[in-house]
Amino acid sequence: MSATASIDSPLARVRTWWIILRICIEERLIYRGDFMLGTLMRFLPIVTQIFLWTAVFSAVQGRGASGGGTTTIAGYEKDELIAYFLLTMVARAFSSMPGLASGIARSIRDGSIKKYLTQPVDMIGFLFLSRVAHKLVYYTVATLPFALVFYLCRDFFPPIPGWQTWLAFLASLVMGFVFGFFLEASIGMIGFWFLEVSSLLFVYMLFSFFLSGHMFPIDMLDGVTIVGDTSWGDVVRALPLHYLAYFPAAVYLEKIQGDELVRGLWIELGWILALAALSYWAFRRGLRRYSAYGG
Amino acid sequence: MDRTAKTSMRPNYFRVFAVFARNSLVRDMTFRSNFIIEAISSLSWMFMNLGFYLLVFEYTPSIGQGTGWGKYEYFVFLSTTMFVNSLVQAFFMPNVEEFSEQVRTGGLDFAMLKPIDTQFLISLAKIDWSSLSNFVFALVLLGVSLSRIVYTPSLGAAILYPLYLLCGVAILYSLMIALAATSVWLGRNQNLYDFWFYITNFSRYPMEIYQGPIGTPLRQVFTFAIPILIVVNVPARFLALPLVEEDWLLAGYALLATAASLAGSRWMFLRALDSYRSASS
């Protein structure tokens, strides 16, 4: 069998991807201690957020003490808001891609991207699989701390929603992962045009932190109008960043339902396809400019 | 090592620091546009942060009922957080981050060979001047907030404020250096920065919010065991809220905690150096 034939046959292709996936999983497991510690640490901000919002709600309650009924902020009760933050943690566990964009930019700068050019491996595909591996390992290691935290916080959650909501929630999580991947990959490709992208990445990080709904539910922005009927909430919802954190959490809490939900998922799919196309296009265009520095 | 030789070539720490500061500034000014971009990006972080709290105060009159932390009182608190963080980021953050890398690559050998205190060298070699833009931002925010709050701080409180700000910086520095020291034992320590961020996260809010069966022990741990709650709370209180007796007790304790943190982290750092085995070549 010639080398080219073996690479082209579908079975061999599957085998190649399988081996890549396995290598990546093994590589990820080397630093499991580091990994576990990192996962636990990630829950610390939730603790401060619970206290912060409890304090905020107590003040809001104090102001309107005479009126009955439950206190809400932007349509969220206190428990619901805390559940929201916990759910964004899950969403971020799917959509965050630490070091992906900067890794691509670095490999362009230091020349290690050559390894993808000389080998019969598609770089974006390889990186995608390595992220899948990363996430698989992450969930395996992180399930325990996640389960523990969610169990401890179970009282914050509303009754478990129906299967349709679950299905939409799962879809939004998986799509959040793919969306996050192609978004960061596209940003990383900018490294072909600019050698130093770290400040650009910082700006992206900043925006994604605030506009993804990681810090507060985007519904809170609905009350802040820019001009006329348009509020900041409308603007942020038009941006795709809320798929990284807000969207899955809002789906689970049934803040987004029915037609709005279906439309949201379709738009997300559209963004995924657009960003995937963009990243491949940028990669091809970038290679034409690329001049392979470094050893 | 010969003790007399050591004392005879004792370096002038202040002058060495001045040279570090100058060199860092020269380097920053060499890549001037990079410097400006960095200053702008850290400022935009501050604006976003402020935006978040402006949003929160759209919905609530204060943080916690009856705590006194209204909008502008809290902004005094926030600017205090920014002061402390900008100082830590400017002077220590870039160095301590590098320390873990030096341990991993064996570059620490060179730092240890130099005839100067290793902790001093690895803590202050680089200064990130652009982080001080946040300091200026905090100054403006503090000025605006102070003009809006009802309470007027006494002269004594105003004098003590910068002192306690420095105590806060010292506590955070100690925590940072102690964490960095662990990278000698753990080898790889990529989570260091995350860990630091998550721990200091607790210091960002008024300590009154930590209440209840979990909050109270948490407040005690972060006041007495790892004293990060004092870092911002003590100085901010001096300016924003009328002082009660309890505050003076806390202020007295803060001095003690600062000294203990510095001594403890120093001890830990030296212990770490003792068990350092050069890596790589």
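Derivation of every value follows stated rules applied to the coordinates shown; laboratory data play no part. Source: prediction; values computed, not measured. As a convention, Cβ positions derive from the backbone with ideal geometry for all residues, glycine included, and neighbour counts pool all protein chains shown.
Straight-line cross-link reach from B:LYS114 at under 20 Å between alpha-carbon atoms covers these lysines, not counting any fewer than eight positions away in the same chain: B:LYS6, B:LYS126. If you take the square roots of the eigenvalues of the alpha-carbon gyration tensor of the protein assembly as shown and sort them as a ≥ b ≥ c, do you get rounded (a/c under 1.5), prolate (a/b over b/c) or oblate? Taking the square roots of the gyration eigenvalues as a ≥ b ≥ c, the protein assembly as shown is oblate.
Think of each Lys and Arg Cβ as +1 and each Asp and Glu Cβ as -1; about the Cα centre, that makes the dipole of region B:10-274 roughly 480 debye.
Annotation: lysines with alpha-carbon distance below 23 angstrom to A:LYS78 (same-chain offsets under eight excluded): A:LYS255, B:LYS71. When each of the peptides A:169-181, B:24-36, A:101-113 is scored by the mean number of other C-beta atoms lying within 10 Å of its residues, the order from highest to lowest reads A:169-181, A:101-113, B:24-36.
Take every pair of alpha-carbon atoms less than 8 Å apart whose residues are at least six positions apart; their mean separation over the length of chain B yields a relative contact order of 26 percent. Using a/c under 1.5 as the rounded threshold, could you call chain A rounded, prolate or oblate? The axes a ≥ b ≥ c are square roots of the C-alpha gyration tensor eigenvalues, and prolate needs a/b larger than b/c, oblate otherwise. Prolate is the answer for chain A, as a/c is 1.5 or above and a/b outweighs b/c. Comparing A:SER208, B:ASN95, B:VAL231 along the charge dipole axis of the protein assembly as shown, the residue lying farthest to the positive side is B:ASN95, per the Cβ-charge model. What does the net charge come to around A:VAL224 if you take all other residues with beta carbon closer than 12 Å to its beta carbon, with K and R at +1 and D and E at -1? For residues surrounding A:VAL224, the net value is -4. The relative contact order of region B:60-132 comes to 36 percent, based on Cα pairs under 8 Å that sit 6 or more residues apart. When you restrict to C-alpha pairs under 8 Å that are six or more residues apart and normalise by the size of chain A, the relative contact order lands at 28 percent. For B:PHE92, the shell of other residues with beta-carbons less than 13 Å away shows a net charge of -2, using +1 for Lys and Arg and -1 for Asp and Glu. Of the residues B:PHE17, B:PHE222, B:ASN134, the one whose Cα sits farthest towards the positive end of the charge dipole of region B:10-274 is B:PHE17 (charges of +1 on Lys and Arg Cβ, -1 on Asp and Glu Cβ, taken about the Cα centre).
Peptides B:86-92, B:199-205, ordered by how many other C-beta atoms sit within 10 Å of their residues on average, highest first, read B:86-92, B:199-205. Only Lys, Arg, Asp and Glu carry charge here, each on its Cβ (+1 for the first two, -1 for the last two); on that basis region B:149-273 has a dipole of about 420 debye about its Cα centre. Local charge for A:VAL174 was computed over the other residues whose Cβ lies under 12 Å away, with Lys and Arg +1 and Asp and Glu -1, and equals 0. Only Lys, Arg, Asp and Glu carry charge here, each on its Cβ (+1 for the first two, -1 for the last two); on that basis the protein assembly as shown has a dipole of about 1780 debye about its Cα centre.
Using 12 Å as the cut-off for backbone N distance, which residues of region A:84-125 belong to the label zone defined by a point 7 Å from the Cα of A:ALA12 along Cα→Cβ? Once the point is set 7 Å along Cα→Cβ of A:ALA12, A:120 turn out to lie under 12 Å by backbone N, inside region A:84-125.
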